[in-house]
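**Q** Shown below is the structure under consideration.
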Amino acid sequence: MIELTEVGRTFPGPPEVAALRDATFTVETGEIVAIVGPSGSGKSTLLNVLGLLDEPTSGTYRLAGVDTGTLKERQRTALRATTLGFVFQSAYVIAHLDCLANVAMPLAHLGVPRKERSGLAEAALRSVGLGHRLHAQPATLSGGERQRVAIARAIVHEPRVLLCDEPTGNLDSENTQAVLDLLEELVTGDRAVVIVTHETEVADRADRTVRVVDGHAAPLAA
Ligand code: ADP
Ligand code: MG
């Protein structure tokens, strides 16, 4: 699903910064891969590249069979919108919208007809165990529930890859385990999940770990 070959990202500066020097690894469908590494090692740069939010300055990034380096900006945007879902440390739910409206929102950008959006959003909320809170306001939810709303919003368009940046960073260990249970359910035969984390309890539950050190990203030997 994801194949990086000697991917680098240098920021021109000055001073020039080689934030990512060599990222070489794959992520297959059906697996959860944790990306770990010290602060400043290049994790966010790597996640931005994986998310098609930033472009490598060297190497090859293939996503869902597509060499992303060959794409025009509009094609990159379309591939990002259809293939990827994003979960961040903060849920970033919109306070004045209920759960259903929050989760339905990305579908409007994808051109899904208005009539179909609610049904899809409801299904996504059910899949994260919030079928009973469709019309709840985010402020009335717990932090763990809000993060599940954010996950429902990230998967409502059925992305092949779910990219998560410290998704449990704001959660206690009970809610952390609940979110990890959920991510395990969501990683199916045709979906992959990537989690940037510095928490060992998260990395321990991943199928594999990619370690980033000084811009070098490679699978950690099992
Ligand atoms: P991490 O997420 O692992 O903490 P980052 O990917 O954010 O690491 O950063 C890696 C290195 O690249 C750091 O030295 C950081 O200062 C640098 N860096 C990140 N983004 C930029 C940028 N836009 N311009 C210049 N340097 C950057
Ligand atoms: Mg970072």
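**Q** For the range 80-124, enumerate the residues that are among the aromatic types (F, W, Y) and buried (at least 16 other Cβ atoms within 10 Å of the Cβ).
**A** Those that are among the aromatic types (F, W, Y) and buried (at least 16 other Cβ atoms within 10 Å of the Cβ): F86, F88.
**Q** Among the residues of the range 1-40, write down those that are of a type in the set (V, I, T) and either more than 17 Å from A221 (Cα to Cα) or in a loop (DSSP other than H, G, I, E, B) (or both). Break it down into steps so the answer makes sense when it comes.
**A** Keep residues of the range 1-40 that are of a type in the set (V, I, T), which gives 2, 5, 7, 10, 17, 24, 26-27, 29, 32-33, 35-36.
Those that are of a type in the set (V, I, T) and either more than 17 Å from A221 (Cα to Cα) or in a loop (DSSP other than H, G, I, E, B) (or both): I2, T5, V7, T10, V17, T29.
**Q** Still on this model: For R211, state whether it is surrounded by fewer than 20 Cβ atoms within 10 Å (Cβ to Cβ), among the basic types (K, R) and out of contact with any His (no Cβ under 7 Å at 6 or more places or on another chain). Write out each step before concluding.
**A** Details: surrounded by fewer than 20 Cβ atoms within 10 Å (Cβ to Cβ): yes; among the basic types (K, R): yes; out of contact with any His (no Cβ under 7 Å at 6 or more places or on another chain): yes.
Yes, satisfied.
**Q** If a residue must be more than 14 Å from T168 (Cα to Cα) and either at pLDDT below 90 or part of a helix (DSSP H, G or I) (or both), how many such residues does the range 185-200 contain?
**A** Adding up the residues that qualify gives 4.
**Q** What single numbered condition from (1) of a type in the set (A, V, I, L, M, F, W, C); (2) in a loop (DSSP other than H, G, I, E, B); (3) surrounded by 17 or more Cβ atoms within 10 Å (Cβ to Cβ) fails to hold for L47?
**A** (2)
**Q** On the basis of being of a type in the set (K, R) and over 19 Å from T29 (Cα atoms), does R208 make the cut? Give the steps one after another, and end with the answer.
**A** Values: of a type in the set (K, R): yes; over 19 Å from T29 (Cα atoms): no.
Judged against the criteria, R208 is not a match.
**Q** Now for a separate question. Taking only the range 83-111 into account, find how many residues are closer than 22 Å to R126 by Cβ and among the polar types (S, T, N, Q).
**A** Total satisfying the criteria: 1.
**Q** Sticking with this structure for a sec: Can you tell which of E28, E73, E16 is among the charged types (D, E, K, R), away from ligand 1 (no atom under 16 Å from the Cβ), farther than 25 Å from H109 by Cβ and surrounded by fewer than 18 Cβ atoms within 10 Å (Cβ to Cβ)? Before you say what the answer is, go through the steps one by one.
**A** On the way: E73 fails: farther than 25 Å from H109 by Cβ; E16 fails: away from ligand 1 (no atom under 16 Å from the Cβ).
Just a single option satisfies the conditions, and that option is E28.
**Q** Here's another thing I want to ask about it. Given the conditions (1) on the phi < 0 side of the Ramachandran plot; (2) within 16 Å of ligand 1 (Cβ to nearest atom), which single one is not true for C99?
**A** (2)
**Q** Can you name the residue in the range 153-177 that is of a type in the set (G, A, S) and more than 18 Å from A123 (Cβ to Cβ) and, of all such residues, is surrounded by the fewest Cβ atoms within 10 Å (Cβ to Cβ)? Steps first, please.
**A** Looking only at the range 153-177, we keep the residues that are of a type in the set (G, A, S), and these are 154, 169, 173.
Now narrow it down to the ones that are more than 18 Å from A123 (Cβ to Cβ): 169, 173.
Numbers: G169: 16, S173: 10.
Taking the candidates together, the pick is S173.
The values are calculated or read from the model by the stated rules, or taken from the named source; none is laboratory data. Because the structure is predicted, anything quoted here is derived from the model rather than measured. With ideal geometry, Cβ positions are generated from the backbone for all residues, glycine too; neighbour counts draw on all protein chains shown.
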